[in-house]
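Computed from the coordinates by the stated procedures, all read-outs in this text should not be read as laboratory data. As the structure is a prediction and not an experimental result, all values here were calculated from the model. In this analysis, Cβ positions are derived from the backbone assuming ideal geometry, glycine residues included, and neighbour counts consider all displayed protein chains.
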Amino acid sequence: MLDAMNAPSVPNVVHREDYHPPDWLVPSVQLDFNLSAHGTRVHATLRVERNGLHDRPLRLDGDELQPLQVRVDGEETSNWILDEGALLLALDGDAFTIETEVELNPAANTKLMGLYASNGLLCTQCEAEGFRRITFFPDRPDVLSRYHVRMEADREAYPILLCNGDPVGRGELANGRHWVEWNDPFPKPAYLFALVAGDLHANRDSFVTMSGRKVDLAIWVRESDLPKTAHAMAALKTSMKWDEDVYGREYDLAIFNIVAVDDFNFGAMENKGLNIFNSRYILADPDTATDLDYDAILGVVAHEYFHNWSGDRVTCRDWFQLSLKEGFTVFRDQCFSADQGSAAVRRIEDVRMLRASQFQEDAGPLAHPVRPESYIEISNFYTATIYNKGAEVIRMLHTLLGQEKFRAGSDLYFERHDGQAVTCEDFVLAMEEASGVDLGQFRLWYSQAGTPHVKASLTHDASRQEAVLKLEQSVPDTPGQSNKLPMAIPLKIALFNRESANREIEQLEILTDVEKEIRIAGFAKHPVLSINRGFSAPIIVESDRSASDLAFLSAHDDDPFGRYEAMQQLMLDTLVSAVSSGTADHGPVIEAVRNTLTNNALDPAFVAEAVLLPSEAFIGDQMLVVDPDAINSARDALRRDLGGSLEGLWRGAFAAHAAKSFEYSPEAKGSRRLRNVSLGYLAGASVSDAAKLAFHQFETADNMTDRLAALGTLANSDADERVAALDIFYNRYRDNPLVIDKWFTTQALSTRKDTIEAVKDLREHPDFTLQNPNRVRALAGAFSVNQQQFNLADGSGYRFLTDILLELDPINPQTAAKLLPPLGRWRRFDAKRQGLMKAQLERIVGQAGLSKDLYEQASKSLASE
Ligand code: TRP
Ligand code: ZN
């Protein structure tokens, strides 16, 4: 029996319904930084005002801070206490000037939250609750303040001193030090504060806004990286123009700075006027970055820039509203990227990503609504649900309202809430008011977790010459939520005439009840159903379409997503039946792939996506119990058969899309993609010269896309070329950490049976470090999504990951917690694996001194309900 005395200390749970407005406001703040790597002094002067009638003390959040000095209206006081890190001051009156001073050790800050050192730079990361690691402050997004900042540092070590807003003064000091002052005219929450100090060099450019103001742009990197910043700069300028054209949003300061840093917990951060990026989302040249890297840079630069309005000018009231800025901004960056190249391929990639990460999350122990109800550690809620499902929710609003009304809604939202910290409900209200569309039921997308399932069955009523579509929805139970209400689901559907292959009708159906029957007149024969076109809703469709219907759609659907989806479903049906019965007829898939490959009307970029087999993980998601070995064998067999049966076509595509000199254009990307997919099939079929082809491409490629694709092919093989290629690659790029990350990842993703041994060796490699999140993700993150090798029957994969998580937790709990979810998939596996996974989760929960980040993820993953 547990009594209160020896009960384990369980971290606080924060509940959305407990929100109340701040007790004290901070209209303005002056920060003085005396910077150095091992001892930085921060002197803060806060203007504070009591908010409303109450007698509660001033509470200034702090995390690992010790006050060296506290002053009230200029008078030093000792009339304060520390409560869970926060500074509490009882104040008699309504407005005060509070001064505090603290000393920080950025070099020792391995959590990468607050002020930290990275490769000689000093930089900050404040979202979500990092500002309280810099100074005592009401660290919540609904406290908006004007910031004036003075930075002082050694001139030689830190010649460049950057902060939010505009520089308003600078000077030299006698002792080799110098200072710069910055003023940000826009009130902002503390999470948007940032500073950077270091020996940085700028790629400079400018942009003239739609009202004719000139904005100075700069991307700051170390000098040797300057040649790798051109793509990011082009992305920034294109984004600025796009937000004017599509949303009417203009940039608002005279300066926009971007800084690239090597050690970063996330992709990038939208600090006002001073975006800070993980260097992997800035640096690119053809020799070191793949097409996927170029695309990601385009998307992330746009994402952070778009936050200037959807995030900075209009921010979140509390962290439960995180998707207000993230879902909306992801939707904006997805549309932007779609406009820069093949929209069809972009949509396919976005859906593939959603299914791989968000659908799994929504079906597991960490499922939560787009607007969560509670959290222990907010950093754990920067999830695929908040970001990607959140973006799908905004996309559905766009579908329901149409472009014009959607734009009217976003105009109203920005105009009404400029300078405010608001809620998801405020966003929906603006959309509702501007459009006149009732979004009452639609709001369930914010509150109900779980991926809805829709059963669709099409029959034909010959006597009335009608097609009859029956739809039935259900929303699965998720932790803490059961018996859910039916959702409002926008479904784009079309019916095709099987003989003429013509599309007869296309319409938007909105499923609002559990069931719906739709009768469509004018069909003498049974048509073919295309449903959830363009992936109009983030749901799972269960249809009873036959293999021949799917093959038909894969050849004739005029919606590219529908076409892709039909092929995927055909492949999945084939693979699932192979896994459950041991054999399957590969014929229909081979014919459908042949049709696609020989259809000259199709864009090669699309063809490459369409002929790709579903991932092992996605096949697993279709099964009651995931059998990783059977899935791997079934997929391998189909790949081998496709590779062998269509060998001539793969060779043809490989040759037809032979490498020309590198160019980053949609056409050139599409060619590379199809060429490398073809190479993969040839290797999958073990054609005799596969390794030779791959090694030749590896050696002669003038770009990373082709070189890495060839390396990946060899890394899966037993060919002699494998070890040679890995060595050559390592030696060629040993000084480029972003490329060495790829070297780690390629080996961690290998399908070879000795992959666990390889990753254990890589864990001991001199280039492996727990201090750099990119490197940890490159090895442990990649390995844990290698379904067959991670889920080895002896549990060694689980142990490997857990060892790393426990070692990483005291260094960087946020990054450790992000890597935990693969262990929480235990319910999906057989009893033996379940036991092995749970044992590792229990090992984590039992660890003394565990962070609340990892505690929350592990304990929720273990929970029986
Ligand atoms: N707001 C950032 C984005 O989406 C996310 C982010 C950057 C973040 N750094 C972080 C989230 C650190 C949590 C912790 O662009
Ligand atoms: Zn974001």
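Just a few scattered comments:
- Across K692/K753; K760/K818; K272/K484; K272/K669, pairs whose alpha-carbon gap is larger than 30 Å: K272/K484; K272/K669
- The stretch 656-733: trypsin sites (Lys or Arg not before Pro) in DSSP coil with no more than 12 other Cβ atoms inside 10 Å: K660
- Test item: Cα-centred dipole of the chain, Lys/Arg +1 and Asp/Glu -1 on Cβ, debye: 1500 debye
- All other residues whose Cβ lies under 10 angstrom from that of R249 are scored, Lys and Arg at +1 and Asp and Glu at -1, for a net of -4.
- Angstrom value of the Kirkwood radius, inverse mean 1/r, which spans all Cα pairs in the stretch 622-862: 19.4 Å
- Charge tally in the Cβ shell below 14 Å around D333, where Lys, Arg are +1 and Asp, Glu are -1, D333 excluded: -3
- Note on the stretch 462-603: the alpha carbon radius of gyration divided by the globular reference 2.2 N^0.38 Å gives 1.16.
- Cα-derived Rg over Rh, computed across the stretch 453-544 with Rh taken as Kirkwood radius: 1.03
- For D689, the shell of other residues with beta-carbons less than 12 Å away shows a net charge of 0, using +1 for Lys and Arg and -1 for Asp and Glu.
- In terms of overall dimensions, the stretch 314-447 has a Cα radius of gyration and Dmax of 14.7, 41 angstrom.
- Partners for K525 among lysines (Cα-Cα distance below 28 Å; same-chain residues under 8 apart left out): K455, K470, K492, K516
- Selection among V180, G165, Y446 by position relative to the dipole of the chain gives Y446 as farthest towards the positive end (Cβ unit charges, Cα centre).
- Where Rh is the Kirkwood radius over Cα pairs, Rg/Rh for the stretch 298-339: 0.99
- Average 1/r across all pairs of distinct alpha carbons in the stretch 195-240, invert it, and you get the Kirkwood radius: 11.6 Å.
- Pairs of alpha carbons in the stretch 30-159 whose separation is greater than 26 Å (percent): 22 percent
- Taking only the C-alpha atoms of the stretch 306-387, Rg followed by Dmax gives 13.9, 41 Å.
- Relative contact order of the chain, pairs being alpha-carbon contacts under 8 Å that are 6 or more residues apart, as %: 8 percent
- Axis of helix 291-306 versus longest Cα principal axis of the chain: the two differ by about 40°, to the nearest ten degrees.
- Relative to the longest principal axis of the Cα atoms of the chain, helix 390-417 runs at roughly 30 degrees.
- Set the Cα radius of gyration of the stretch 386-458 against 2.2 N^0.38 Å, with N its number of residues, and you get 1.20.
- Angle in degrees between helix 424-435 and the longest Cα principal axis of the chain, rounded to the nearest 10: 60 degrees
- Based on every Cα atom in the stretch 202-353, Rg and the maximum pairwise Cα distance Dmax equal 14.9, 44 Å.
- Its Cα gyration tensor gives the chain an equivalent ellipsoid, and the semi-axes of that ellipsoid, as √(5λ) in whole Å with the largest first, are 46, 32, 28.
- Rounded Å value of the spacing that divides the Cα centres of the stretch 43-110 and the stretch 567-583: 62 Å
- Relative frequency of Cα-Cα separations exceeding 16 Å in the stretch 570-684, percent: 59 percent
- Reduced Cα scattering model of the stretch 117-192, Debye log10 I(q)/I(0), q = 0.17, 0.20, 0.22, 0.26 Å⁻¹: -0.75, -0.96, -1.07, -1.22
- Relative contact order (percent, whole number), the stretch 627-691, Cα cutoff 8 Å, 6+ residue spacing: 43 percent
- Once you reduce the stretch 644-662 and the stretch 726-748 to the center of their Cα atoms, the two points are 27 Å from each other.
- Centroid-to-centroid separation of the stretch 365-385 and the stretch 302-326 [C-alpha atoms, Å]: 16 Å
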